[in-house]
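The values are calculated or read from the model by the stated rules, or taken from the named source; none is laboratory data. A quick note: this is a predicted structure, and the numbers were derived from the prediction, not measured. Cβ placement follows ideal geometry from the backbone for every residue including glycine, while neighbour counts extend to all protein chains displayed.
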Amino acid sequence: MKFLHSFVFIIGLSLAMASGGLHGQSPVEWVNPLIDTHASRWFYFNSASRPFGLVNLSPDTNTDGTWDSGYLYDSEHIRCFSHIHAWQLSGIPVMPIVGEMTGHQGMDAYQSRFSHEDETVQPGYHKVRLKKYGITAELTSTVRTGFHRYTYPETKDAYILFDVGAYLGHGPMANAMVHKVSDTEIEGMSLQEKTGRRRKRTPVYFVAQFSQPVTDFGGWRDGQLLDSSTRIEGEDSGAYVRLQTTAQTPVLMKVGVSYTSIEGARRNLETELPDWDFDRVVQESKQDWNDRLSRIAVEGGSDAQKTKFYTDLWRSMLGRRIVSDADGAYSDMTGEKQVIRHVPRGENGQPKFAVHNFDSWWGSHWSLNILWPLLCPEQYSDICNTSVEMYQHGGLIPRGPSGGNYTFVMIGDTAAPALTAAYAKGIRDFDLEKALEGLVRNTQRDGGRYYGGYAKSATPAVYDEYHEKGYVSQGNRLSGGHGKAVTSLTLYNAYHDWCIAQMAKGLGDDEIYKRFVSGAANYQNVIWPEKQSAWVRTADGGWMDDFQPNEKAFEQEGFCETSASVSTFFVPHDPMGLAEMLDGPEAAAEKLNEQFQAAVKDKFHLKGREHGAAWIDYANQDGTGAAHYFNRIGFPWLSQKWVRAVQDAAFGGTDPYSGYNGDEDQGQMGSVSALMAMGLFQFDGGSGLDSSYDITAPVFDKVEIQLSEEYYGGNVLTIIAKNQAPENVYIQSATWDGKPLHSSLLPHSELIAGGVLELSLGPQPNKQWGTGQ
């Protein structure tokens with residue numbers, strides 16, 4: 001089955017190319033949402049969704065679990081269409097059927113076979129035929145509403161099921177309710193049970209309106225049909241509406257969604273979708289995506305490279321979802337109980353920002369924190385404002401909130417590089433002093449930095465040892481997940497201290513700057529010069545025995561989802577200082593180059609493997625800066641070589657079985673891939689005051705970035721690659737606005753002023769270029 005689907009997909013793509021069907025397209029038309037969908041995660045697949053949309057409406061083929069759930073390409077059945085595919089959030093599954101009313105029997109009974117041959121999948125639109133029922137289902141959305149168009153056969157027994165009490169994605173529903181308001185409207189809610197990550201029950205509300213009156217309303221509870229009523233409520237409950245249909249007149253349904261209240265859902269629907277023009281909304285959604293994606297225009301390169309590039313950009317604007325209503329109301333779950341708050345309004349009377357939900361910032365310093373300022377700084381600003389808002393009410397800056405809850409996903413203080421990079425890039429329309437205050441608060445004894453993955457509380461013993469010794473040793477451990485990753489935590493703390501110090505310096509707070517900049521050197525305490533590697537310290541100051549630095553295990557002693565060999569180069573803020581510990585830049589470059597050579601056979605990642613030799617790993621976040629390390633220690637041609645090799649081998653796939661390799665984590669791996677394709681990166685994560693971009697060879701002849709009018713005056717950055725060819729990965733010479741450029745680094749302040757970067761490429765390295773010689 002897998003081979004057949006892959007073969008059909010590839011042949012179809014080839015025929016489209018041959019006929020010219022993929023040429024002359026707008027950016028949104030290059031996007032392929034089906035890339036690497038064979039092993040989806042609940043929040044991975046999206047179709048009928050807007051950029052950062054609260055509603056992410058799409059078919060679900062697998063509904064049980066966070067992993068291998070949602071829409072999986074090789075599945076044969078669609079179980080429902082649900083409206084929320086987010087970090088630890090799910091909700092409002094619906095399903096059109098005809099014939100016998102089987103809603104009470106569960107999804108196994110009413111699911112339908114489907115075929116990719118009868119399917120259209122685009123950003124903002126999904127069309128599929130449900131074979132069991134002869135129904136063509138079409139889906140689109142606004143930011144906070146789902147819009148459905150169902151073409152039924154002619155029948156008096158057409159139904160839409162609202163299985164709002166069903167187990168969906170991350171877990172069961174603790175309660176559910178549906179109420180018939182009129183013959184054309186119902187309303188309801190699902191109370192999502194708490195999970196090991198999102199520790200409070202979290203409600204989601206909806207209002208659904210129909211384009212024609214329903215002929216009947218009913219429901220079920222605990223698998224039993226109930227007598228006709230206007231209200232169905234309880235655990236494992238659901239409802240249905242019945243309609244009389246013809247093949248010539250589709251049934252339209254609008255579903256407003258909110259995390260605050262039923263009235264919030266109704267206001268969202270009335271504000272964003274007051275009419276019934278389905279085709280207009282499809283086009284508006286497509287235009288919305290195209291406007292965002294068009295900020296970066298590319299020329300040249302292969303069709304596959306364009307497809308992957310624009311799909312990468314699209315993915316980067318999917319997962320960090322809006323959770324506030326159109327009027328600014330949002331659910332605060334940071335305290336003992338839910339509180340409905342409102343975003344402050346600006347001079348125009350509108351909410352100043354949208355509140356967002358997002359998975360961990362872990363690793364975003366080498367992905368989103370670099371790409372978003374170039375692509376969507378407005379949304380980056382909203383997320384920074386969200387973080388400060390949560391600090392003001394909950395007492396900590398979040399590193400991965402879900403529906404207003406803290407989740408403490410992963411470990412460390414990963415919000416620090418996220419907020420400080422925004423500040424360093426000139427995105428400063430959030431409360432900067434309050435943000436710095438919150439980041440400092442996170443580093444205290446009971447602060448967020450010392451919560452292990454999904455922990456209920458901080459681990460003071462880890463704080464105490466770190467502040468006494470400058471490292472955390474074997475045997476001491478964080479509560480919660482990844483508790484043994486003491487060396488990783490030490491490396492993170494050093495980098496995050498540096499990030500906080502940079503923002504403090506920019507704001508003129510010398511006391512905080514001096515306090516934190518000293519901690520930036522603590523990475524040196526877990527690099528063992530004798531072994532030329534990151535290592536695990538023992539409580540007595542020694543080094544752990546019987547340790548294999550290249551052994552990758554999900555919970556290897558001392559490290560967080562990676563190996564010591566990969567983590568050795570996790571020093572974004574002091575690459576040359578690290579090189580000196582590794583016997584100098586030449587020895588450091590030789591060591592890392594050997595690791596890359598050893599990783600070629602694995603395509604630079606360990607997809608799906610918990611164990612094995614992990615020299616380089618571009619399937620998880622801690623390793624995604626490795627190729628750019630050479631650039632910072634005087635060997636830029638090695639960065640040029642390995643960036644192109646990784647981009648092609650690890651991220652070049654465009655079929656349902658390749659492309660991201662591992663955990664894409666809401667746009668992070670897509671962002672790494674896109675940055676590599678453009679030839680831009682920032683090894684320090686962009687948190688340094690006027691930090692520089694690492695330059696490598698783009699895969700396109702021309703890249704044109706239309707910078708934000710609001711933040712960067714609408715300036716344009718143009719990158720031109722002369723002599724572009726697959727083998728021409730090395731920069732021979734460069735000019736910046738017509739003047740010779742001898743450095744492989746371009747300061748942020750110059751880039752955002754706009755200009756033309758022209759690169760001449762060749763098949764052999766020019767070892768003099770890029771070193772300042």
_Qualifying positions in segment 206-249 - under 18 Å from Arg266 (Cβ atoms) and among the hydroxyl-bearing types (Ser, Thr, Tyr)_ = Ser211, Thr230
_Contact list please: Cβ distance under 6 Å, first residue in segment 689-700 and among the acidic types (Asp, Glu), second residue surrounded by fewer than 24 Cβ atoms within 10 Å (Cβ to Cβ), pairs at least six apart or on different chains._
Asp690/Pro747; Asp690/His748; Asp690/Ser749
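Mind listing whichever residues of segment 115-146 are part of a loop (DSSP other than H, G, I, E, B) and of a type outside the set (S, T, N, Q)? Write out each step before concluding.
In the first step, residues of segment 115-146 are kept if they are part of a loop (DSSP other than H, G, I, E, B); the result is 115, 123-124, 131-134, 142-144.
If the condition is that a residue be part of a loop (DSSP other than H, G, I, E, B) and of a type outside the set (S, T, N, Q), then Pro123, Gly124, Lys131, Lys132, Tyr133, Gly134, Val143, Arg144 are the ones that fit.
Search segment 340-373 for residues being without any contact (Cβ under 8 Å) to a residue 24 or more places away in the chain and among the polar types (S, T, N, Q), and hand back the single one that is nearest to His496 (Cα to Cα).
Going residue by residue through segment 340-373, those that are without any contact (Cβ under 8 Å) to a residue 24 or more places away in the chain are 342, 344-350.
If we keep only those that are among the polar types (S, T, N, Q) too, we end up with 348, 350.
On the way: Asn348: 37, Gln350: 34 Å.
The extreme case among them is Gln350.
Run down Asp690, Asp684, Asp694 and say which single residue is charged (D, E, K, R) and surrounded by fewer than 17 Cβ atoms within 10 Å (Cβ to Cβ). Don't jump to the end; show me each part of the working.
Numbers: Asp684 fails: surrounded by fewer than 17 Cβ atoms within 10 Å (Cβ to Cβ); Asp694 fails: surrounded by fewer than 17 Cβ atoms within 10 Å (Cβ to Cβ).
None of the other options fit; the residue is Asp690.
Please indicate, with yes or no, whether at least one residue in segment 259-271 is closer than 16 Å to Pro93 by Cα and either outside any helix (DSSP H, G or I) or not assigned by TED's automatic domain parsing to the domain that holds Thr155 (or both). Explain how you work it out, then say what you get.
Pass one, segment 259-271, residues closer than 16 Å to Pro93 by Cα: 259, 265.
Next cut, either outside any helix (DSSP H, G or I) or not assigned by TED's automatic domain parsing to the domain that holds Thr155 (or both) only: 259.
Yes - at least one qualifying residue is present in segment 259-271.
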*Could you list, in sequence order, all residues of segment 328-360 that are buried (at least 23 other Cβ atoms within 10 Å of the Cβ), modelled with pLDDT under 95 and more than 14 Å from Asn385 (Cα to Cα)?*
Asp359, Ser360
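Every residue in segment 619-634 that is at pLDDT below 95 and either assigned to a loop (DSSP other than H, G, I, E, B) or within 10 Å of Ala589 (Cβ to Cβ) (or both), please.
Filtering segment 619-634 for residues at pLDDT below 95 gives 619-623.
The answer is Ala619, Asn620.
Please specify each residue of segment 375-399 satisfying the condition of being closer than 17 Å to Ala421 by Cβ and not polar (S, T, N, Q). Talk me through it step by step, then tell me what you get.
Going residue by residue through segment 375-399, those that are closer than 17 Å to Ala421 by Cβ are 375-388, 397-399.
Answer for segment 375-399, where residues must be closer than 17 Å to Ala421 by Cβ and not polar (S, T, N, Q): Leu375, Cys376, Pro377, Glu378, Tyr380, Asp382, Ile383, Cys384, Val388, Ile397, Pro398, Arg399.
Report yes if Lys254 is part of a loop (DSSP other than H, G, I, E, B) and over 26 Å from the mean Cα position of the chain (by Cα), otherwise no. Explain how you work it out, then say what you get.
Values: part of a loop (DSSP other than H, G, I, E, B): no; over 26 Å from the mean Cα position of the chain (by Cα): yes.
No, not satisfied.
Which one of Gly659, Gly584 is free of Cβ contacts under 8 Å to residues at least 12 places away in the same chain and at positive phi? Before you say what the answer is, go through the steps one by one.
On the way: Gly659 fails: free of Cβ contacts under 8 Å to residues at least 12 places away in the same chain.
After applying the criteria, what remains is Gly584.
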*Working only within segment 555-577, note down all residues that are free of Cβ contacts under 8 Å to residues at least 60 places away in the same chain and in contact with a strand residue (DSSP E or B) (Cβ under 7 Å, 6 or more places away or on another chain).*
Ser563, Ser565, Thr568
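Residues to consider are Glu704, Glu710, Glu727, Glu750; find the one that is in contact with a helix residue (DSSP H, G or I) (Cβ under 9 Å, 6 or more places away or on another chain) and either buried (at least 17 other Cβ atoms within 10 Å of the Cβ) or touching a residue at least 12 places away in the same chain (Cβ under 8 Å) (or both). Even if it seems obvious, please write down each step before you answer.
Working: Glu704 fails: in contact with a helix residue (DSSP H, G or I) (Cβ under 9 Å, 6 or more places away or on another chain); Glu727 fails: in contact with a helix residue (DSSP H, G or I) (Cβ under 9 Å, 6 or more places away or on another chain); Glu750 fails: in contact with a helix residue (DSSP H, G or I) (Cβ under 9 Å, 6 or more places away or on another chain).
The match here is Glu710.
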